[in-house]
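Okay, structure first, notes after.
The values are calculated or read from the model by the stated rules, or taken from the named source; none is laboratory data. Every value quoted in this text rests on a predicted model; they were computed, and no experiment measured them. Reconstructed Cβ throughout: ideal geometry from the backbone, glycine too, with neighbour counts over all protein chains shown. Remember, those area values only see protein heavy atoms, side chains included, never the ligands or the DNA or RNA. Shrake-Rupley method; radii C 1.70, N 1.55, O 1.52, S 1.80 Å.
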Amino acid sequence: MKNEQSVIHQAARSTGISEKDLNLLLAEGEERIYPQNEWVFHESSPRRWAGIILEGELELMRGLHGACRKVGTIVSGSMVSEGAFLESNSHSNGAFTRTGVKIWQIGEEKIQALKESNPELFYRTVAQIAVGINRRMRMLADSVHDKMNSENLLISGLRQEKDSLGTRDIFDHVYYGVQTQRAMENFAISGIHLNNFDHMIDALAMVKKAASLTNHALGVLDDARMNAICQACDDILNGQLHEHFTVDMFQGGAGTSTNMNANEVIANRGLEIMGYNKGEYDHLHPNDHVNCSQSTNDVYPTAIKLAVLLSNCDLIRSLRILRNALASKGESFKDVLKMGRTENQDAVPMTLGQEFSAYAVMIDSSIDALEQTAEAFLDINLGATAIGTGINSPPGYADLVAKKLAAISGFPVRRAKNLVEATQNAGIFVRMSASLKLVAVQISKICNDLRSLSSGPRCGLNEINLPPMQPGSSIMPGKVNPVLPEVMNQICYQVMGYDTVVSMAAESSELELCMAEPIIAYDLLHGMMILKNGCISLVERCISGIEANRDVCRSYVQSSIGLVTALVPVIGYEQSAAIAKEALGTGASVYDIVLAKGTLTKEELDEILLPENMTDPRRI
């Protein structure tokens, strides 16, 4: 920290903790660098450290359910996760860095050690942290009060909008219009709205911006309208107006309601930018201008693909966290000898590390499947318009709009080879759903094993201990259940069920269009979201705290009949079979029988039972 004294000075001013105390606090810490577009911690995950931002900044994000909201920014010189000093159990927000961040961290173990070794310093620090948190709470209360007052003022009247079915009154403070209003009334189905899925909203904004730029370049949209549409899309991409995407994810019309929701919000925001009132569509129309050269039938599937690609990045990132946690346990448990089991019967010895390392490789294969499937999602049908013929779009539109969308989204999307095929064939969504099912099957298998290995503690296998997270029974005192593997199992069952739905929905495609793409969108995006959240919770609240019951594991090896398999190369099959038969008949352990018969000395037997001698190929 010698070269970071200016940051320490800034942190002292912002927290009220003296520079001397800060230097003492952080003397035992360490530097941690997080790359760009990385989560530093997730909402609801346990606090593991406190720190000071040395370089870069963090965005505080709120919301686990596909609709994250930025609630603030933490800049260089600020403390982060200081609640670890207050023994606050979980993060109330997540923290994400878009550009990368360097943080000096002190872990929770060292914080607790400080509490014991230097209580005066510890409690001085706690007092200042509490003052800072109280100050922020007052500022937040004032902000919420002001926001509520301003929002109440917005609900001040109605505007009239019309479509082919007639005229409707629309609250003037909302950005959606008449077609969204009708969809809200027609599809009050699940209560799960488009604004639960930020990636889908962002994908729609990217598509609309790319279309606007392309229409302008081809001479079918003027400067003023193009600029207004693009600025409105940028507002959406910056997290604004998401609350106005209100249609239910379950809807008829092959996604028309979702597309019109986006068209109306963008049009009304664009009208404000141009100096007009919402609903004055003569100047900027949802269909004529925002939806120019487009149809729901090319906008909606393209947006689904982009949203899935964005969600896939989040899911793969969480799977890598899971994979690394399992691999770490594999390394920690590499010397823990235990019995392997096949068909729930004793097999041959292995190490607990081998078991967990195998789990890590399973997750690697899941990541590979997702990455390979994502490549096919780069083929888009934007420019197909209604059925793939490109009707009502200017020449060159399909090729150019794909290039514009690639630049905006950061994904190298490309025009599909055959736009008619790409508009009616939902098979690619089945492929992604199958990859998600593979992920779910493998994670569920791991969670089954975690529950089996931790069963007991007195009358089960009891080979590992899972962190106790909550009391397990309203009637049986002392019972603690494996709640994190259990919830992960249920998440996986849901994803497997979604695969059946996606398959049926894709099969429902008739002639030139698949009408059931809305349920495909929901099942893919929701499945990816719950898998991502489940992986993070499983790591933070279960796998990272797993401990091995080494003596129990070894005792099973010593008492198991399966131990004789390791003795066959030394004493022969016939003698080994006789020992196994005697062990089964008498209940004595193979280990004790071999010693009692003098077949091998204790030293020879223990040498055979060394993990490095039992769990890998070797020359006898």
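Which residues, taken from the range 267-288, are in contact with a helix residue (DSSP H, G or I) (Cβ under 8 Å, 6 or more places away or on another chain), over 21 Å from Asp202 (Cβ atoms) and part of a helix (DSSP H, G or I)?
Leu271, Met274, Asn287
Considering only the range 440-454, I want to know if a residue exists there that is under 22 Å from Asp379 (Cα atoms), within 26 Å of the chain's Cα centre (by Cα) and not aromatic (Phe, Trp, Tyr).
Scanning the range 440-454, I find no residue that is under 22 Å from Asp379 (Cα atoms), within 26 Å of the chain's Cα centre (by Cα) and not aromatic (Phe, Trp, Tyr), so the answer is no.
Any residue in the range 22-46 that's at positive phi: show its pairings with residues that are open to solvent by less than 70 Å² (accessible area, probe 1.4 Å) and at pLDDT below 90 at Cβ separation under 6 Å, as long as the two are six or more apart or on different chains.
Short answer, once both residue conditions are applied: Ser44/Ser90.
Any residue that is on the phi < 0 side of the Ramachandran plot, surrounded by fewer than 18 Cβ atoms within 10 Å (Cβ to Cβ) and either part of a strand (DSSP E or B) or modelled with pLDDT of 90 or more (or both) - is there at least one of those in the range 80-88?
Among the residues of the range 80-88, not one is on the phi < 0 side of the Ramachandran plot, surrounded by fewer than 18 Cβ atoms within 10 Å (Cβ to Cβ) and either part of a strand (DSSP E or B) or modelled with pLDDT of 90 or more (or both), which makes the answer no.
Yes/no per residue for (1) open to solvent by 90 Å² or more (accessible area, probe 1.4 Å); (2) at pLDDT 90 or above:
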residue: Ser143; (1), (2): no, no
residue: Ser150; (1), (2): no, no
residue: Gly177; (1), (2): no, yes
residue: Thr180; (1), (2): no, yes
residue: Ile189; (1), (2): yes, no
residue: Asn196; (1), (2): no, yes
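Of the conditions (1) over 23 Å from His242 (Cβ atoms); (2) of a type in the set (Gly, Ala, Ser); (3) modelled with pLDDT of 90 or more, Ala95 satisfies every one except a single condition; which number is it?
(1)
What are the pairs with Cβ atoms under 7 angstrom where one residue, in the range 105-118, is in contact (Cβ under 8 Å) with a residue 40 or more places away in the chain and assigned to a strand (DSSP E or B) and the other, located anywhere, is open to solvent by 60 Å² or more (accessible area, probe 1.4 Å) and basic (Lys, Arg)? Sequence gap at least six, or different chains.
That search, which allows pairs on different chains as well, returns Gln105/Arg32; Gly107/Arg48.
Could you please tell me which pairs satisfy a Cβ distance under 6 Å, a separation of 6+ or placement on different chains, a first residue in the range 292-316 that is over 13 Å from His526 (Cα atoms), and a second residue that is part of a loop (DSSP other than H, G, I, E, B) and open to solvent by 20 Å² or more (accessible area, probe 1.4 Å)?
Partner pairs satisfying both residue conditions: Ser293/Ser393; Ser295/Ala386; Asn297/Ala386; Leu309/Phe411.
On the given criteria, is Thr73 of a type in the set (Val, Ile, Thr), within 30 Å of Asp314 (Cα to Cα) and either outside any loop (DSSP other than H, G, I, E, B) or without any contact (Cβ under 8 Å) to a residue 40 or more places away in the chain (or both)?
Judged against the criteria, Thr73 is a match.
Give the residue, chosen from Ser366, Ser318, Ser293, Ser311, that is crowded, with 20+ Cβ neighbours inside 10 Å, of a type in the set (S, T, N, Q) and in a loop (DSSP other than H, G, I, E, B).
Ser293
Do you know which residues across the range 439-467 are part of a helix (DSSP H, G or I) and open to solvent by 50 Å² or more (accessible area, probe 1.4 Å)?
Matches in the range 439-467: Val441, Lys445, Asn448, Arg451, Ser452.
Only residues that are modelled with pLDDT under 95 and at positive phi: list them for the range 210-252, please.
Scanning the range 210-252 gives a single hit, Gly239.
Given the options Met496, Met476, Met504, name the one that is open to solvent by 30 Å² or more (accessible area, probe 1.4 Å), assigned to a helix (DSSP H, G or I) and out of contact with any helix residue (DSSP H, G or I) (no Cβ under 7 Å at 6 or more places or on another chain).
So the residue among Met496, Met476, Met504 that is open to solvent by 30 Å² or more (accessible area, probe 1.4 Å), assigned to a helix (DSSP H, G or I) and out of contact with any helix residue (DSSP H, G or I) (no Cβ under 7 Å at 6 or more places or on another chain) is Met504.
Being part of a helix (DSSP H, G or I) and of a type in the set (Phe, Trp, Tyr), is that true of even one residue in the range 339-358?
Yes, the range 339-358 has at least one match.
Which count do you get for residues in the range 377-408 that are aliphatic (A, V, I, L, M) and either open to solvent by 30 Å² or more (accessible area, probe 1.4 Å) or modelled with pLDDT under 95 (or both)?
Counting residues in the range 377-408 that are aliphatic (A, V, I, L, M) and either open to solvent by 30 Å² or more (accessible area, probe 1.4 Å) or modelled with pLDDT under 95 (or both) gives 7.
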